[in-house]
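The next block holds one structure in the form of structure tokens; read it before the comments.
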């Protein structure tokens, strides 16, 4: 049996993803991008622990890692409808409007 993640741990992981530009806020949604599918599973667990819901997970692109290897870029979208949630305030202070994989953000 797996132990459930506690809310403080889930919030801490999401704050780390905000600072590393894997997680952004877009309207009422949180958008998570990664090349590691197990990270998508951890994101889903964090969202559920905090009372939200995973809406979708899509393979949105293939990106180059070095000269010889392409990897799949996954985008997960989730809702976390808690008024004035601390994560949204954290994103406003430390986050970005573009993920680290966004080609337009540089």
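The values are calculated or read from the model by the stated rules, or taken from the named source; none is laboratory data. Since this is a predicted model, take the numbers as computed values, not measurements. Neighbour counts run over all protein chains shown; Cβ positions are idealised from the backbone, glycine included.
Among the residues making up the range 75-93, those that are assigned to a helix (DSSP H, G or I) and within 14 Å of the chain's Cα centre (by Cα) are 87, 88, 90, 91. Scanning the range 13-25 for residues that are without any contact (Cβ under 8 Å) to a residue 40 or more places away in the chain and surrounded by fewer than 13 Cβ atoms within 10 Å (Cβ to Cβ) yields a count of 1. Number of residues in the range 27-52 that are free of Cβ contacts under 8 Å to residues at least 12 places away in the same chain and under 17 Å from residue 81 (Cβ atoms) equals 2. Taking the range 42-59 as the range and being over 10 Å from the mean Cα position of the chain (by Cα) and either surrounded by 13 or more Cβ atoms within 10 Å (Cβ to Cβ) or on the phi > 0 side of the Ramachandran plot (or both) as the test, the residues that pass are 45, 48, 49, 50, 51, 52, 54, 55, 57. Tell me, please, whether a residue that is surrounded by 15 or more Cβ atoms within 10 Å (Cβ to Cβ), more than 17 Å from residue 101 (Cα to Cα) and free of Cβ contacts under 8 Å to residues at least 24 places away in the same chain can be found in the range 64-80. No, the range 64-80 contains no residue that is surrounded by 15 or more Cβ atoms within 10 Å (Cβ to Cβ), more than 17 Å from residue 101 (Cα to Cα) and free of Cβ contacts under 8 Å to residues at least 24 places away in the same chain.
Table: residues versus (1) modelled with pLDDT under 90; (2) touching a helix residue (DSSP H, G or I) at 6+ places or on another chain (Cβ under 8 Å).
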position: 11; (1), (2): no, yes
position: 16; (1), (2): no, no
position: 21; (1), (2): no, no
position: 54; (1), (2): no, yes
position: 71; (1), (2): no, no
position: 77; (1), (2): no, no
position: 82; (1), (2): yes, no
position: 106; (1), (2): yes, no
